[in-house]
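Chemist: Dropping the structure in here first, questions after.
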Ligand code: NDP
């Protein structure tokens, strides 16, 4: 750990580590929030008396379950499913499901913990939760993915409900998986409960802009940070990591805002094209064909594919890490800063290691932490829930305008809290403090529950 925190907060952190052994990502996420809260506790002694931080660090409920299913060869497969219902002070648990072989309890808890503060920052009535499974959808047929989703939901459904817990997508869970999950939920419960899942298809209760929302939001957030510094995205070179849901739409919105996106990546390497990526081909390869970036480079001759390399070797003015946690380390951050990077907007959850965040802060790089910069996804999920509750359907333009406004407000909340609690311009502190205060106030009002 690179920085010290107030002794009380340090003691809470040590207790979290002791009670949650071998969950490194969860420890990292907790540490980052606690480091910001010293000045808050000094001003609010009631949160110490009521052990509000200790309660926030303990999920309200954790569900772990067996997911048996049969593959196309008739072989039985067993996976492990998770749902961590972290905090419901502000509304029903809300947060995505991740299907990836790396998923274990520590990852789900880190994501659920981040989600609590992120959801608070949106200003909307949603609590925080997260779930998933150690299932790898790569190379699986549609039939296998469907059978897996059906088995997963056969256990999970009893914990869900539009007023209880409302999952969405995350890594490995997109429109196809949400469809299979919703179908099974509807079949088991015999209820057309649209508001129980978000990220649904447009013909059966989904909201326009939800697919685009996280990536668009991360680009809007980059634009907000640059505007606050008296400049803009216009004409800037941008590098986005990943080429999944968040990354593709971060590319799209950054381009619409006048930037030139020159590189993106997947788990096998990256593509770079100084003239700018061809988004149409990129979407065809990654979204439609579920292919690799090497396929993109074969079709777009001006692009160069680098197998196995780090996309952070490509110098840029604005970085939007949108793949996965801890993908951008201290050395990569130093390279980016040396290469002229002036802003980082985290599309993914916790993509920058603590060392990388430290490099960006020391260099004065504008830095938007994931819990603020990627909040547009969950905020638009909350808009989907609103539309489901009122059986309404809004236009793309109306919904996008709401999203843009929400990202503006999230940035403003972070900036104001940072200023008020003695760290002007530090959006990491601002996001943690503003998120914490909203959740803590509600928990205080609800008594010891
Ligand atoms: P997708 O599954 O659509 O895409 C993930 C992308 O990241 C893929 O290009 C994938 O490469 C790459 N990737 C995943 N894991 C690794 C890894 N270990 N090493 C290198 N590359 C990797 O996921 P999303 O776009 O939905 O999610 C991306 C990030 O954004 C995650 O951190 C998620 O938690 C966060 N997020 C997502 C939201 C959403 O609305 N979807 C909302 C808020 C945050 P490959 O194609 O090779 O698998």
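The values are calculated or read from the model by the stated rules, or taken from the named source; none is laboratory data. Since this is a predicted model, take the numbers as computed values, not measurements. In this analysis, Cβ positions are derived from the backbone assuming ideal geometry, glycine residues included, and neighbour counts consider all displayed protein chains.
Chemist: Only residues that are within 16 Å of the ligand (Cβ to nearest atom) and surrounded by fewer than 22 Cβ atoms within 10 Å (Cβ to Cβ): list them for segment 145-167, please. Quick ask: steps written out before the conclusion?
Modeler: Pass one, segment 145-167, residues within 16 Å of the ligand (Cβ to nearest atom): 145, 148-149, 166-167.
Within segment 145-167, just 145 meets the criteria.
Chemist: Which one is nearest to residue 117 (Cα to Cα) among residues in segment 317-349 that are surrounded by fewer than 24 Cβ atoms within 10 Å (Cβ to Cβ) and within 14 Å of the ligand (Cβ to nearest atom)?
Modeler: 325
Chemist: May I pose another question? Identify all residues within segment 258-282 that are over 24 Å from the mean Cα position of the chain (by Cα) and within 16 Å of the ligand (Cβ to nearest atom); write none if there are none.
Modeler: Once the filter is applied, which keeps residues that are over 24 Å from the mean Cα position of the chain (by Cα) and within 16 Å of the ligand (Cβ to nearest atom), segment 258-282 yields 272, 281.
Chemist: Quick check on segment 288-298: of everything there that is more than 13 Å from residue 311 (Cβ to Cβ) and in a helix (DSSP H, G or I), which residue is farthest from the ligand (Cβ to nearest atom)? Spell out the reasoning first.
Modeler: Let us first name the residues in segment 288-298 that are more than 13 Å from residue 311 (Cβ to Cβ), namely 288-292, 294-298.
When the remaining residues are screened for being in a helix (DSSP H, G or I), the result is 288, 294-298.
Values: 288: 13, 294: 11, 295: 11, 296: 11, 297: 14, 298: 16 Å.
Filtering segment 288-298 for residues that are more than 13 Å from residue 311 (Cβ to Cβ) and in a helix (DSSP H, G or I), the one farthest from the ligand (Cβ to nearest atom) comes out as 298.
Chemist: Could you check how many residues of segment 9-47 are surrounded by 15 or more Cβ atoms within 10 Å (Cβ to Cβ) and under 24 Å from residue 445 (Cβ atoms)?
Modeler: Residues flagged as surrounded by 15 or more Cβ atoms within 10 Å (Cβ to Cβ) and under 24 Å from residue 445 (Cβ atoms) within segment 9-47 amount to 13.
Chemist: Within the group 306, 285, which residue is part of a strand (DSSP E or B) and either modelled with pLDDT of 95 or more or more than 11 Å from the ligand (Cβ to nearest atom) (or both)? Spell out how you get there, then give the answer.
Modeler: Values: 285 fails: part of a strand (DSSP E or B).
Going through 306, 285 in turn, just one is part of a strand (DSSP E or B) and either modelled with pLDDT of 95 or more or more than 11 Å from the ligand (Cβ to nearest atom) (or both): 306.
Chemist: Suppose the filter is over 22 Å from residue 406 (Cβ atoms), surrounded by fewer than 18 Cβ atoms within 10 Å (Cβ to Cβ) and within 16 Å of the ligand (Cβ to nearest atom); does residue 191 pass it?
Modeler: Details: over 22 Å from residue 406 (Cβ atoms): yes; surrounded by fewer than 18 Cβ atoms within 10 Å (Cβ to Cβ): yes; within 16 Å of the ligand (Cβ to nearest atom): no.
No.
Chemist: If we only count strands (runs of 3 or more DSSP E) wholly inside segment 220-273, which ones have 2 or more residues that are without any contact (Cβ under 8 Å) to a residue 40 or more places away in the chain?
Modeler: On the way: elements: 237-240, 260-266, 269-272.
Result: 260-266.
Chemist: Additional query: With respect to the numbered conditions (1) farther than 20 Å from residue 374 by Cα; (2) out of contact with any helix residue (DSSP H, G or I) (no Cβ under 6 Å at 6 or more places or on another chain); (3) crowded, with 19+ Cβ neighbours inside 10 Å, which one is the sole condition not fulfilled by residue 247?
Modeler: (1)
Chemist: Which strands (runs of 3 or more DSSP E) does segment 56-151 wholly contain that include 2 or more residues that are within 20 Å of the chain's Cα centre (by Cα) and modelled with pLDDT of 95 or more? Show your work before the answer.
Modeler: On the way: elements: 61-70, 76-87, 93-99, 128-133.
Answer list for segment 56-151: 76-87, 93-99, 128-133.
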